[in-house]
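J.: Below you'll find the structure I mean.
Each value in this text was obtained by applying a stated rule to the coordinates, not by laboratory testing. The structure presented is a predicted model; accordingly, all values stated were derived computationally and were not measured. With ideal geometry, Cβ positions are generated from the backbone for all residues, glycine too; neighbour counts draw on all protein chains shown.
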Amino acid sequence: MSISTSKRVSKWLISGPPLLYLLIFFAIPTGMMALAAFRFPGDYGGLMPLFGTDAATGKTTLLINAQNWHDYITLDNFARFFQEPVFIELFIKSFCYAGLTTLLCLVLSYPLAWLIARSPKKWRDLLVLLVILPFWSNFLIRVYAWMIILGPQGYFAKVVNGFLGMFGVEPLQFLFTPFAVVLVLVYVHLPFMVLPLYANLEKHDMALLDAAQDLGASRWQRFWKVTWPLSLPGVYAGAALVFIPALGIFAVPDLVGGTDGIMIGNLIKQQFLDSRDWPFGSVLSIMLTLSVLIMAGLMSLLGRGGKRNAL
Amino acid sequence: MALLEIRDVVKRFGDFTAVNHVSLSVEAGEFFTLLGPSGCGKTTLLRMLAGFEQPDSGELLLDGKSLNGVPPEKRPVHTVFQSYALFPHMTVQQNVAFPLKMAGVAPDQIKARVAEVLEDVRLQQFATRMPSELSGGQRQRVAIARALVNRPRVLLLDEPLSALDAKLREQMQLELINLQKEVGITFIYVTHDQGEALALSHRIAVMSQGQVEQLDAPENIYSYPKSRFVADFIGQCNLLDATIRSVSAERMQIEIEGVGTLDTLPVAGATVGQKGTLALRPEKIKLGASVATGNADEVHFKGKVHDCLYLGDVTVYIVELENGMLIETMLPNAAPGRARFFDDNDQVELAWRFDAGHFVLA
Ligand SMILES: Nc1ncnc2c1ncn2[C@@H]1O[C@H](COP(=O)(O)OP(=O)(O)OP(=O)(O)O)[C@@H](O)[C@H]1O
Ligand SMILES: [Mg+2]
C-alpha cells in the first residue's frame, strides 16, 4: 500500500465516525424536517400518510401520484408564516430578546473574564471553576429558583417594590414578564460568554499593552485600540454560544415569561406537542435556522471587509 | 547640560536589589549602550527610563526636569521591545501610525510621516502587510520605525537584535548605526553581546549586579578595562594573577607566580606588594617558532601548543608555558591555502610588548 493511500485510509478512519454521527443525528433529521414542511398534517397529528394499507387485501401502496400530488405537497405552510404577522413579530421579538441577552452577557462577562485572566496564575483555575459551578446543579432547578426570587413574595420583588413604594410608585410584577425572561436568559448563558472571553484574554501578550502605553496611549485608548480588537474572536465565539441557544430556548420563557414573554421556541414546541401541526412546526424551525445562518453570513461579510489600505 | 541624567537610582524587588546606586548621564545624539550579563539589571534600568518601573530612590532627569511620577505615555521616550510587540491586528503602516494617532496628529500629516519613516527603514513596499507576514528583520525595522515616527527625545532599545541570526544581526547593526546618525535621536541600547556594544556605541556602561562597573568609549573599555570583571566580560582575555614588585614612572614590574617577573605599564594608584591581574588580549601576543628579537621592551616565553581552534579567519592557539600555565593567542590565517601554522605539541615561542597588557588592581 502506498503512503498516499494509507494516508487517505487513515484520514477516513479518523473523520469517518464523527461524519457518520453527524449524518445520522443531524443531516438526516434536518432533511426529514425540511421535507415535512411541505406536507399536510395528519388527522390526529403527525403528517398525512403517503402510504396507505388497503383494509381488505392488506397491501400497502403509495397514495401520491402525478395527478393528486397537490393533495400531499404544499407551500401553504410557508405562505401562512408570511401572511400572519404574529409569526414574524414573534421572530423579531425573539431576536430582540436573544440580542439583548447577548449584549448584557457581554457587558457583564467582559470585566469578569478580564479580571480572571489578569489574576495570579494559581487563582485562575479556581475562578474559572466558580464560573462553571452553576452547571453542577440542574438547569430547571436554577430556573425554579429564579421563580421564587422574582415571585411576589420573593426578596427581589419585596426590596425593589419597597424602594419604589418610598417614591409612591405602584408595586411592579417581575415574574411572568419579558424582564424575567431576559434576566434569567442572561443568568443561564453567562458562563458561555465568560469562558471563550477568558480563553481569549488569557492569551494576550502583555508586552502589547506596554508598547501601546509607551507609544502614548491612555488607559482608555489601550483598551479600545489593543485589547478590544484582539479579543473580538472571543467576543464572536461567546456571542454565538449565547445568541443561538437563547434564540431557540423554550423552557425559560415557559417558566418565567408568562403570556407576554413567549419566544419562537415556545411556538415551535406548541406546534409539535400541542397543536400537533408538524408541517408548520417544521416551517418555523427552518425559518429560524435560515435566519440565524443569514445573520452569521452577514456578520462574517462585515468582519472581512478589507481594511488593509486604511491608515 | 546632559539630555538624560540618572542620579543615584536604586530599584529593589523585595529584598533583591536589581539596580544599585546607578548614576550616569547621556548626551543628546549619543548612541549609549548598557552592557552586562543576564540579570544585571539592564532591562530594569530601561523600564525605569520608559516609566514602567519607579525607582525606590534617586532621580531621573530629562532636559533637567524630573521624570519621577510621569507615566510612560507622557514621556517623550519610546521603547523598541525585545519581542518587538507589534500590534498583530494592524498592518505595518497602522502600527507605525499608532503613536501619531495617539498624539492627535492630523491625518494628512500622519500619512506623510509614516511614508517617510517607512522609507528610512526601507519598508515602503511592505506598508500594507500584517506583522505575521514579515521576516524577523523586517519586524525589527517596523518596531524601530514605530518607535521613531514621532521623534522621541530618547529611543530605548532592549536587545533588539537578539532574536535574529548572526548574518542578519550584523546587517542590522550597520543599519542601526546609519539610522541613528540620520535621525540624530539619542539611542540607549541594551545588550549582553559585547561585540555588538563595541561595534555600535559611542559610549558603553558595563553593568554587573545592578552597578555600573565602567563607563567609557568602546576602545577604552576594550583596551583599559578597570576591573577583572570588565576584562573578562569584554572579548577574549588572558587573565594572569600577579603581584606588583616595583613601580616607576613608565614601567611597573610584576611577578606572576611560577612564571617569573615581567614589565608592564604602570597604573594609577599602584603600590609595591599590591595584587592584581594582568589582562592580556590574545591578538596582542606574538606567536611563532622563534619570535625572540632581543628587544628589551618585549616579554618572551617558550611553550608548546596545547590545543588549537580553527575559526576560519583566525586560528586560536592555547599555548602551555613550561610551568604549565595556559595562554590563549591567535594567528590570522592570511597565508593562501593555509589552515593552520602549528599542530598540537609543536614547540612555539610567545612574545608581547611590555605595554600590550593592562594591569587591573584587585
Ligand atoms: N518584576 C520583578 N520582580 C522581581 N524580580 C525582578 C523583576 N524584574 C526583574 N527582576 C530581577 O531583577 C534582576 C535584573 O533583571 P533585569 O531584567 O533587569 O535583567 P537584565 O540585565 O535585563 O537581564 P537579561 O539580559 O537576561 O535580560 C534579575 O535578577 C531579575 O530576576
Ligand atoms: Mg533584559
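J.: At most 13 other Cβ atoms within 10 Å and a DSSP loop assignment: could you name the chymotrypsin sites (Phe, Trp or Tyr not before Pro) in segment A:137-194 that fit?
T.: On the way: sites: A:Phe139, A:Tyr144, A:Trp146, A:Tyr155, A:Phe156, A:Phe163, A:Phe167, A:Phe174, A:Phe176, A:Phe179, A:Tyr187, A:Phe192; in loops: A:Phe167, A:Phe174, A:Phe176.
Of the chymotrypsin sites (Phe, Trp or Tyr not before Pro), the ones in loops of segment A:137-194 whose Cβ has at most 13 other Cβ atoms within 10 Å are A:Phe167.
J.: Within segment B:2-146, how many Lys pairs sit with Cα atoms under 21 Å apart, leaving out pairs fewer than 8 places apart on the same chain? If you can, show how the numbers build up before the last one.
T.: Working: B:Lys11/B:Lys42; B:Lys11/B:Lys65; B:Lys65/B:Lys74; B:Lys74/B:Lys101; B:Lys101/B:Lys111.
Final tally of qualifying lysine pairs is 5.
J.: Then there's this: Remind me, relative contact order of chain B in percent, using alpha carbon pairs under 8 angstrom and six or more residues apart?
T.: Numbers: 754 pairs, mean separation 54.6, N = 362.
RCO, chain B: 15 percent.
J.: Also: Whole-Hz ³J(HN,Hα) for each residue in segment A:101-107, computed from phi via Karplus 6.51 cos²θ - 1.76 cosθ + 1.60 with θ = phi - 60°, x for glycine and proline: what do you get?
T.: Ordered by residue, 3J(HN,Hα) equals 4, 4, 4, 5, 4, 4, 5 Hz.
J.: Nothing charged except the Cβ atoms of Lys and Arg (+1) and of Asp and Glu (-1): what's the magnitude of the dipole of chain B about its Cα centre? Round to the nearest 20 debye.
T.: Numbers: 35 positive and 45 negative charges, 263 e Å.
It works out to roughly 1260 debye.
J.: Starting from segment B:191-299, pick out the trypsin sites (Lys or Arg not before Pro) whose DSSP state is loop and whose Cβ has at most 15 other Cβ atoms within 10 Å. Please list the in-between numbers first.
T.: Values: sites: B:Arg203, B:Lys226, B:Arg228, B:Arg245, B:Arg251, B:Lys275, B:Lys284, B:Lys286; in loops: B:Lys226, B:Arg251.
Qualifying residues, ordered by number: B:Arg251.
J.: Cα convex hull of the protein assembly as shown: mean projected area in nm², to one decimal? It would help to have the intermediate numbers written out before the result.
T.: Working: hull surface 214.2 nm².
Over every viewing direction, the Cα hull of the protein assembly as shown projects on average to 53.5 nm².
J.: Count neighbours as other Cβ atoms within 10 Å of each site's Cβ, and list the trypsin sites (Lys or Arg not before Pro) in segment A:1-71 that are DSSP loop with at most 10 such neighbours.
T.: Working: sites: A:Lys7, A:Arg8, A:Lys11, A:Arg39, A:Lys59; in loops: A:Lys59.
Sites meeting the loop and neighbour criteria: A:Lys59.
J.: Further question on the same structure: Looking at segment B:1-150, I'd like the Rg to Rh ratio, where Rg is from alpha-carbon atoms and Rh is Kirkwood's inverse mean 1/r.
T.: Numbers: Rg = 17.3 Å, Rh = 17.0 Å.
Taking Rh as the inverse mean 1/r over Cα pairs, Rg/Rh reads 1.02.
J.: Would you work out which of B:Asn333, B:Ala231, B:Pro218 lies farthest towards the positive end of the dipole of segment B:206-362? Charges go on Cβ: Lys and Arg +1, Asp and Glu -1.
T.: Of the options given, the answer is B:Pro218.
J.: Right, something else. So which aspartates and glutamates can A:Lys158 reach, going by Cα to Cα under 19 Å and dropping same-chain residues fewer than 8 places off?
T.: Cα-Cα hits under 19 Å: A:Glu170.
J.: 222 nm [θ] for chain B, helices only, -39500 (n - 2.57) per DSSP H run of 4+, per residue, to 500? Walk me through the numbers on the way to the answer.
T.: Working: 8 runs with 84 residues, N = 362.
Rounded to the nearest 500, it is -7000 deg cm²/dmol.
J.: What are the ³J(HN,Hα) values, in whole Hz, obtained from phi via the Karplus relation 6.51 cos²θ - 1.76 cosθ + 1.60 with θ = phi - 60°, for each residue of segment B:152-168 in sequence order, with x given for Gly and Pro?
T.: Each residue's phi maps through the Karplus curve to give x, 5, 9, 10, 9, 10, 9, 6, x, 9, 5, 8, 9, 6, 3, 5, 5 Hz.
J.: Using each residue's phi in segment B:27-41, evaluate 6.51 cos²θ - 1.76 cosθ + 1.60 at θ = phi - 60° and report the 3J(HN,Hα) Karplus result to the nearest Hz, with x for Gly and Pro.
T.: 3J(HN,Hα) across segment B:27-41, in whole Hz: 8, 4, x, 8, 9, 10, 10, 9, 10, x, x, 4, x, 8, x.
J.: Please list, ordered by chain and number, the residues whose modelled amide H lies under 5 Å from the amide H of B:Val19; skip anything fewer than 5 residues away on the same chain.
T.: B:Lys11
J.: For segment A:199-311, what does the relative contact order come out to in percent, with C-alpha contacts under 8 Å and a separation of six or more? Could you put the intermediate results ahead of the total?
T.: Working: 55 pairs, mean separation 16.5, N = 113.
That works out to 15 percent.
J.: Could you size up the charge dipole of the protein assembly as shown around its Cα centre, putting +1 on the beta carbon of Lys and Arg and -1 on that of Asp and Glu, and report it in debye to the nearest 20?
T.: On the way: 57 positive and 61 negative charges, 402 e Å.
With Lys and Arg at +1 and Asp and Glu at -1, about 1940 debye.
J.: Would you grab the residues whose amide H sits under 5 Å from the one on B:Arg281? Only those 5+ places off in sequence or on another chain, please, with H modelled 1.01 Å from N.
T.: Counting only residues 5 or more places away or on other chains, the set is B:Asn238.
J.: When only Cα pairs under 8 Å and 6 or more residues apart are kept, what is the percent relative contact order across chain A?
T.: On the way: 295 pairs, mean separation 74.9, N = 311.
Normalised by residue count, the contact order of chain A is 24 percent.
J.: Between segment B:45-105 and segment A:183-246, what is the C-alpha centre distance in whole Å?
T.: Centre-to-centre distance over Cα atoms comes out at 25 Å.
J.: For B:Asp241, what residues show an amide H to amide H distance below 5 Å, using hydrogens built from the backbone and excluding near sequence neighbours?
T.: HN-HN under 5 Å from B:Asp241: B:Leu278.
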